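Novice: Take a look at this one; I'll ask things after.
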Amino acid sequence: MKQLGLAYMMYDQDYDETGPPLWWWTQAFWPTFIYPYVKNQGLFRCPDDSYGATFVWPQDNPKNLLRSYMLYVGASAMGNTGGKEAGVEQPANFIVFVEKNSNSHEPWPEMYCPPEPDQCCSQYACGPNNAGTNYGRIICPGQTPRHNGGYNWTLMDGHTKWMRIEQTMHQSQAPVGGNVDWWHLCKETMWDPTPSDPNTGAN
């Protein structure tokens, strides 16, 4: 995952300090964009992931890359910051890549802030529809992530760190207005590019 972080940084430098798109309809998705910087299909796959995922539209994945990771929407060209490092206050504490779960039917290449509805982690509890692929991006409560109960995370400054998901959701301070919904639960966490701004937050 560290190599993916370095590839993300090189792409960012080459494209006017803008991160890669999550996908580009019927053309490509993020591994295709950063593949030229790694040129190694194996880097997209965790050795402990029995089910490397492809993507929902084969034409977007011409190299048939199997991947074990997701790009955080907030770190992509489609996020609040446009994937620009200049828009992130604390790059060493801002998530870029996260491991997907180990399901065999997990095609989605992107991750949102975990408490967002339907991410199978709303208030850290699964909803009634969590059997579908939209609800299984990460490990549901009651399941065990494949790395000793936690995940490896790549952060915007390029380094990789093992953490439990609860650690990424730790709030440095109470958000303005309190934790009244998922958006506020994501404020002041590692999913928030601008924790000092009460009017912007996580994706």
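Please treat every number below as a calculation from the coordinates, not as lab data. All values derive from a computational prediction rather than experimental measurement. All Cβ positions, even for glycine, are placed from backbone atoms using ideal geometry, and neighbour counts span all protein chains on display.
Novice: Can you order the peptides 183-190, 93-100 by their average number of other Cβ atoms within 10 Å per residue, highest first? Intermediate values should be presented prior to the final figure.
Specialist: Values: 183-190: 22.4, 93-100: 23.9.
For the peptides 183-190, 93-100, the packing ranking is 93-100, 183-190.
Novice: For the residues Arg146, Arg45, Arg164, what sequence is obtained by ranking on other C-beta atoms within 10 Å, fewest first?
Specialist: Least crowded to most crowded, the residues run Arg164, Arg45, Arg146.
Novice: Starting with the highest mean, order 150-162, 31-43 by the number of other Cβ atoms within 10 Å, averaged over the residues of each peptide. Mind showing how you got there, number by number?
Specialist: Working: 150-162: 19.3, 31-43: 16.5.
Ranking, from highest mean packing down: 150-162, 31-43.
Novice: Give me Asp16, Asp49, Asp181, Asp192 sorted ascending by neighbouring Cβ count inside 10 Å, so fewest comes first.
Specialist: In increasing order of surrounding Cβ atoms, one gets Asp16, Asp181, Asp49, Asp192.
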